[in-house]
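Undergrad: Have a look at the structure that comes next, please.
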Amino acid sequence: MLDSSNARRRKTILVAGGAGFVGSHLCDELLAAGNRVICVDSYLTSSPANVAPLQNHPHFTMIKHDICNPLKLNDHLDQIYNLACPASPPLYQADPIHTMMTSVSGTGNLLKLAARNNASFLQASTSEVYGDPEEHPQNEDYWGHVNCTGPRACYDEGKRAAEALCFDSLRAGDVDARVVRIFNTYGPRMQPNDGRIVSNLIVQALRDEPLTIYGDGAQTRSFCYVSDLVDGLVRLMNVQPNPAVPVNIGNPGEFTIAELADMVRSMLPTRSKVVNKPLPADDPQRRRPDIARARELLGWEPKVSLDEGLSRTIAWFQNTLLEQASPRSSKTVPKVAGATGVPQGI
Ligand code: NAD
Ligand code: UDP
């Protein structure tokens with residue numbers, strides 16, 4: 001039971017996209033800190049299972065809603081985290097206009113809600129605002145190299161527009177808006193079929209299916225474990241004064257996709273072999289965050305190594321797939337999404 005001092009400190013926090021992979025971990029963290037959480041999600045790319053354990057929590061409310069439509073609430077909000085947006089390339093490209101509108105209209109709607117409540121606002125932006133970067137590693141002053149007409153533009157340009165909305169709202173004095181640029185993050189509760197590299201490799205290895213590598217696997221990414229990201233999000237939302245600049249959050253360890261596939265294979269008893277598939281258009285060649293700003297402004301740095309994070313994630317997928325395959329479960333094991341399409345059931 002919370003004592004009266006905890007009750008006084010308790011904030012009411014809206015998490016848009018709170019049923020998603022990152023959002024559900026953020027909801028857990030905010031509730032554990034004694035806050036009241038209102039989760040707003042359309043379940044477009046997530047499963048209600050992510051927040052099912054929270055449904056009976058006395059301070060948790062779930063609202064099924066698409067943020068492209070304005071949201072009216074009677075509750076007073078102290079903070080809004082906007083994580084609502086598909087994050088996996090095959091999924092955000094499945095309905096690109098809706099993806100763009102989610103970042104533009106959706107973020108606009110939530111900023112208006114924040115202004116009405118005088119609530120602080122954190123926008124989940126992305127390393128994709130740097131596009132296929134010509135500077136390496138990427139720091140926040142780099143303006144990026146984005147193809148505004150290609151298949152990734154719905155996501156990259158949508159997120160860039162959302163950043164502009166946030167900084168305009170801040171400059172106008174309407175909203176205490178903050179922007180985090182998230183680099184590739186992984187962990188438990190990624191959808192097994194959502195098509196991102198970590199979930200694809202683990203699910204394929206667990207099923208003894210070929211490990212799909214797009215291109216020659218020499219492209220690099222930097223992988224951040226989800227608990228480290230959530231720590232960074234909470235710090236950026238609460239740091240005073242508002243830094244008024246975007247902040248990279250990611251793990252600076254840089255790995256080729258081929259190295260990642262080898263790591264996954266070495267951590268599992270699998271017969272899977274690598275197959276190479278065509279590299280999707282505009283796939284960034286190199287990516288690594290410069291996290292000097294996060295270190296300086298937030299005192300943040302990642303704590304979980306890729307080895308440790310992968311083994312936790314593999315254990316979670318093992319349990320989840322076993323549960324889905326159990327004869328008592330009505331669920332079927334979903335197909336993995338590929339570069340060319342979206343899995344059934346999404
Ligand atoms: P996710 O797909 O698991 O979660 C996104 C959530 O938003 C889902 O629950 C989905 O149903 C919901 N959603 C999508 N469109 C919506 C809409 N119009 N209205 C309401 N809900 C909607 O992805 P994630 O990995 O948890 O990513 C969370 C956020 O972080 C996203 O905004 C993503 O762009 C950003 N991000 C994530 C990563 C990463 O590596 N995980 C990297 C960069 C940025
Ligand atoms: N990728 C791959 N095989 C897969 C899925 C992805 O080789 O089954 C590659 C993809 O082309 C990209 C990298 O892995 O170069 C990371 O892909 P992801 O979709 O996870 O994230 P993003 O491209 O958005 O960084």
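Undergrad: Report the full-extension gain for the segment residue 63 to residue 295: residue separation times 0.36 nm, less the Cα-Cα distance, to one decimal in nm.
TA: Here the answer is 80.0 nm.
Undergrad: In the stretch 71-225, with Lys and Arg counted as +1 and Asp and Glu as -1 at Cβ, which of these residues, 123, 213, 153, has the Cα nearest the positive end of the dipole, that is, farthest along it?
TA: Positive-most Cα among the choices belongs to 123.
Undergrad: Expressed in nm to one decimal, what extension gain is obtained for the pair residue 240 and residue 311 from 0.36 nm per residue of sequence separation less their Cα-Cα distance? Each step should come with its number before you reach the end.
TA: On the way: separation 71, 0.36 × 71 = 25.56 nm, distance 3.56 nm.
The span from residue 240 to residue 311 would gain 22.0 nm if fully extended.
Undergrad: Strictly over 32 Å apart at the Cα level, which of 112/303; 11/159; 64/159; 64/277 would you flag in this model? Don't skip to the answer; put the middle values down first.
TA: Values: 112/303 35 Å; 11/159 27 Å; 64/159 22 Å; 64/277 37 Å.
Beyond 32 Å between Cα atoms: 112/303; 64/277.
Undergrad: Can you tell me the 0 to 90 degree angle between the C-alpha axis of helix 21-32 and the longest principal axis of the chain, rounded to 10?
TA: The helix 21-32 is inclined about 40 degrees to the chain.
Undergrad: Under a Cβ-Cβ cut-off of 11 Å, what is the net charge of the residues other than residue 282 that fall near it, where Lys and Arg count +1 and Asp and Glu count -1?
TA: Spelling it out: positives minus negatives among the neighbours equals -3.
Undergrad: Which percent of the accessible area of the chain is formed by carbon and sulfur heavy atoms (probe 1.4 angstrom)?
TA: Numbers: 7760 of 15290 Å².
The C+S portion of the solvent-accessible surface of the chain is 51 percent.
Undergrad: Now, a different point. Considering the dipole of the chain built from charges on the beta carbon (Lys and Arg +1, Asp and Glu -1) around the Cα centre, which of 226, 165, 179 is farthest to its positive end?
TA: Value computed over the given set: 226.
Undergrad: How much FRET efficiency would the formula 1/(1 + (r/R0)^6) give for residue 73 and residue 256, where r is the Cβ-Cβ distance and R0 is 35 Å, rounded to 0.05? Present the calculation step by step, with values, prior to reporting the outcome.
TA: Details: r = 46 Å, r/R0 = 1.30.
Computed FRET efficiency for residue 73 and residue 256 comes out at 0.15.
Undergrad: Work out the charge dipole of the stretch 186-307 with +1 on the Cβ of Lys and Arg and -1 on the Cβ of Asp and Glu about the Cα centre, then indicate which of 200, 276, 241 is farthest towards its positive end.
TA: It is 200.
Undergrad: How much length is gained if the chain between residue 171 and residue 33 is pulled fully straight, taking 0.36 nm per residue apart and subtracting their Cα-Cα distance, in nm to one decimal? Don't jump to the answer; show the numbers that get you there.
TA: Values: separation 138, 0.36 × 138 = 49.68 nm, distance 3.06 nm.
Between residue 171 and residue 33, full extension yields 46.6 nm more.
Undergrad: Mark the label point 7 Å from the Cα of residue 322 along Cα→Cβ and return the residues of the stretch 259-284 whose backbone N is within less than 17 Å of it.
TA: The answer is 268-270.
Undergrad: When Lys and Arg each count +1 and Asp and Glu each count -1, what net charge do the other residues less than 13 Å away from residue 202, Cβ to Cβ, add up to? Numbers along the way, then the final one.
TA: Working: positive: 189, 196, 207, 265, 312; negative: 194, 208, 209.
My count for the surroundings of residue 202 gives +2.
Undergrad: Also, quick follow-up: At 1.4 Å probe radius, can you tell me the per residue accessible area of the chain in Å²? Walk me through the numbers on the way to the answer.
TA: Values: 15290 Å² over 346 residues.
Heavy-atom accessible area per residue stands at 44 Å².
Undergrad: How far apart, in nm, are two points set 7 Å out from the Cα along the Cα-to-Cβ line at residue 209 and at residue 52?
TA: For residue 209 paired with residue 52, the spin-label model returns 2.2 nm.
Undergrad: In nm, to one decimal, how far is the modelled label at residue 267 from the one at residue 10, with both set 7 Å along Cα→Cβ?
TA: 3.7 nm
Undergrad: A further question on this structure: If you put +1 on each Lys and Arg Cβ and -1 on each Asp and Glu Cβ, how big is the dipole of the stretch 177-264 around its Cα centre, in Debye rounded to 20? Write down the numbers at each step before the final one.
TA: On the way: 7 positive and 9 negative charges, 101 e Å.
Using Cβ point charges on Lys, Arg, Asp and Glu, the stretch 177-264 gives about 480 debye.
Undergrad: Stokes-Einstein D for the stretch 138-246 at 20 °C, 1.002 mPa s, Kirkwood Rh over Cα pairs, in µm²/s?
TA: Working: Rh = 16.8 Å.
Answer from the Stokes-Einstein relation: 128 µm²/s.
Undergrad: In the neighborhood of residue 314, defined by Cβ-to-Cβ distances under 12 Å, what is the net charge if each Lys or Arg adds +1 and each Asp or Glu adds -1? The partial results should precede the final answer.
TA: Values: positive: 265, 312; negative: 307, 308.
Value of the local net charge: 0.
Undergrad: Please give the helix 153-171 orientation as an angle from the longest Cα principal axis of the chain, in degrees from 0 to 90, rounded to the nearest 10.
TA: Compared with the principal axis, the helix lies near 20 degrees.
Undergrad: Let me ask another. What do you get for Rg/Rh over the stretch 45-127 if you use C-alpha atoms and the Kirkwood form of Rh?
TA: Values: Rg = 13.8 Å, Rh = 14.2 Å.
Reported Rg/Rh (Cα atoms, Kirkwood Rh): 0.98.
Undergrad: Related question: Using Stokes-Einstein with the Kirkwood hydrodynamic radius over Cα pairs, what translational diffusion coefficient do you get for the chain at 10 °C and a viscosity of 1.306 mPa s, in µm²/s rounded to a whole number? Numbers along the way, then the final one.
TA: Working: Rh = 20.5 Å.
Estimated via Stokes-Einstein, D reaches 77 µm²/s.
Undergrad: What's the center-to-center distance, using Cα atoms, between the stretch 30-50 and the stretch 243-261 in Å?
TA: 25 Å
Undergrad: Could you list which residues have their amide H under 5 Å from that of residue 39, counting only those 5 or more apart in sequence or on another chain, with H placed in the peptide plane?
TA: Distant-sequence amide H within range of residue 39: 15, 61, 62, 63.
The values are calculated or read from the model by the stated rules, or taken from the named source; none is laboratory data. On a predicted model such as this, the values are computed, not experimentally measured, just so you know. Positions of Cβ are generated from backbone atoms using ideal geometry, with glycine treated the same way; all protein chains shown enter the neighbour counts. Each accessible area value is taken on the protein alone, full model and side chains, heavy atoms only, with ligands, DNA and RNA left out. Shrake-Rupley method; radii C 1.70, N 1.55, O 1.52, S 1.80 Å.
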